[in-house]
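Presented below is the structure to which this report refers.
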Amino acid sequence: MIRISDIPNLEGYGVFVDNLEFKNLSRRDWMDLGKLHMNKLVMIIRKSGLKKPSYLQVMKKWGKDRINFASTIFAKYPSAQGDIKRLIASPELTKEDRDYIKEYFRVGGGAIGGHSHTGMIRVSGKRVNGKPIGMFADGELLWHSNESGDLAFTPGVALLGVESMTQSATGFMVTAPYYNNVSDSFRSELDEMVLIHNFVPGKINPGLNDSQDNLMYKNMCPDPDTEIPLVIQSPAGIKGLHYSFNTVTGIKGMSNSEAEKVLKEIKKGLEQYTYDYWWENDDDLLIFDNSIVQHRRLGDTTDRLCLRYAFDYTFLQHSVTGKPYIPYFQEPYVQMYKDKMNMIRKLLEHEGGSLPVFV
């Protein structure tokens, strides 16, 4: 029988799942677990028994992969008409964008657009001919959220262990308890804050090589001085902070010194609500919210290999909230989000158009 228990120190925003056998799990049971995950934000399934093909199969039942930067790059090169082969052959393609696409393929991302795109990349310290086969090959990863400086960040992440995982930890920081526990007056201030995001080399994984640094730049914060409201909601409607330490460089309307003081205070408060999970099994499956939760990595990465799948919650969304996911409460950010999501939706149309129309 499936056993569910709370993850320590996350104030109810996290669960362990044990004794889960996917071969005996009905679709309805898996979708119910998806709804539980949305409300708990962090789910750790120990001893999943999953391999790569079945991993993608089960995760795609909750939602499809998102191709955020692909939507931006194809908008930049409209003559490619969303076709990756046409894009690569285009004389208009800059060297920087070509290098990005090449690196994305190399770490396992598959085609950008087209049916071969999986939305999955390798995260690995393993090397072939001295070159890492995946992202984040060495060292610890600092607190961050994926695509943190992208207004239309992908809201969900699943991390499946493959081998040599048990000398490392994946940590989680939930922000909802902090938001709920501050004073009413400070919460009102937080509700109005808009953070400024920029890509800062070394803020996630110090020592990345140039090609991987470029890949991080395109995924984490493709546009300089991106404005994103601090207080947003998760896909399940849980309010928290989208304060990813790796890309936040200021607060709109504040001096640098004033913003630094406020951000330092918030960061200190958030660090109360963390939990580091030291992998117990190579096939553990960690699924976590990417809107109001940050994550990090500790420990030994030597020969470590896991698979990361970034996804939306489209197939769960309607039954949980009855409407498409919009993270923001403030304008013009709501409309800006809708505009970008409609751009991404068009890119996904050839795969069934899993995203709704945002009006």
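For the reader, a short list of remarks on this structure follows.
- Qualifying residue in the stretch 228-235 (condition: under 30 Å from residue 163 (Cα atoms), surrounded by 13 or more Cβ atoms within 10 Å (Cβ to Cβ), within 17 Å of the chain's Cα centre (by Cα) and among the aliphatic types (A, V, I, L, M)): no
- Identity of the residue in the stretch 201-212, surrounded by fewer than 17 Cβ atoms within 10 Å (Cβ to Cβ) and out of contact with any helix residue (DSSP H, G or I) (no Cβ under 7 Å at 6 or more places or on another chain), that ends up modelled with the highest pLDDT: 202
- Looking at 96, 103, just one residue is acidic (Asp, Glu), out of contact with any helix residue (DSSP H, G or I) (no Cβ under 6 Å at 6 or more places or on another chain) and not in a loop (DSSP other than H, G, I, E, B), and that residue is 96.
- Failed item in (1) outside any loop (DSSP other than H, G, I, E, B); (2) under 24 Å from residue 41 (Cα atoms); (3) out of contact with any His (no Cβ under 7 Å at 6 or more places or on another chain), with residue 154 passing the rest: (1)
- When 79, 5, 26 are checked against the criterion of being among the hydroxyl-bearing types (Ser, Thr, Tyr) and either under 18 Å from residue 315 (Cα atoms) or in contact with a Pro (Cβ under 6 Å, 6 or more places away or on another chain) (or both), 26 stands alone in meeting it.
- Screening residue 265 against (1) assigned to a helix (DSSP H, G or I); (2) in contact with an Asp or Glu (Cβ under 6 Å, 6 or more places away or on another chain) leaves a single unmet condition, (2).
- Hits in the stretch 54-93 - residues which are over 23 Å from the mean Cα position of the chain (by Cα), in a helix (DSSP H, G or I), surrounded by fewer than 18 Cβ atoms within 10 Å (Cβ to Cβ) and of a type in the set (Gly, Ala, Ser): 79, 89
- Test: residue in the stretch 281-301 that is in contact (Cβ under 8 Å) with a residue 24 or more places away in the chain, over 23 Å from residue 55 (Cα atoms) and not aliphatic (A, V, I, L, M): yes
The values are calculated or read from the model by the stated rules, or taken from the named source; none is laboratory data. Not measured: the values here are computed from a predicted model. Positions of Cβ are generated from backbone atoms using ideal geometry, with glycine treated the same way; all protein chains shown enter the neighbour counts.
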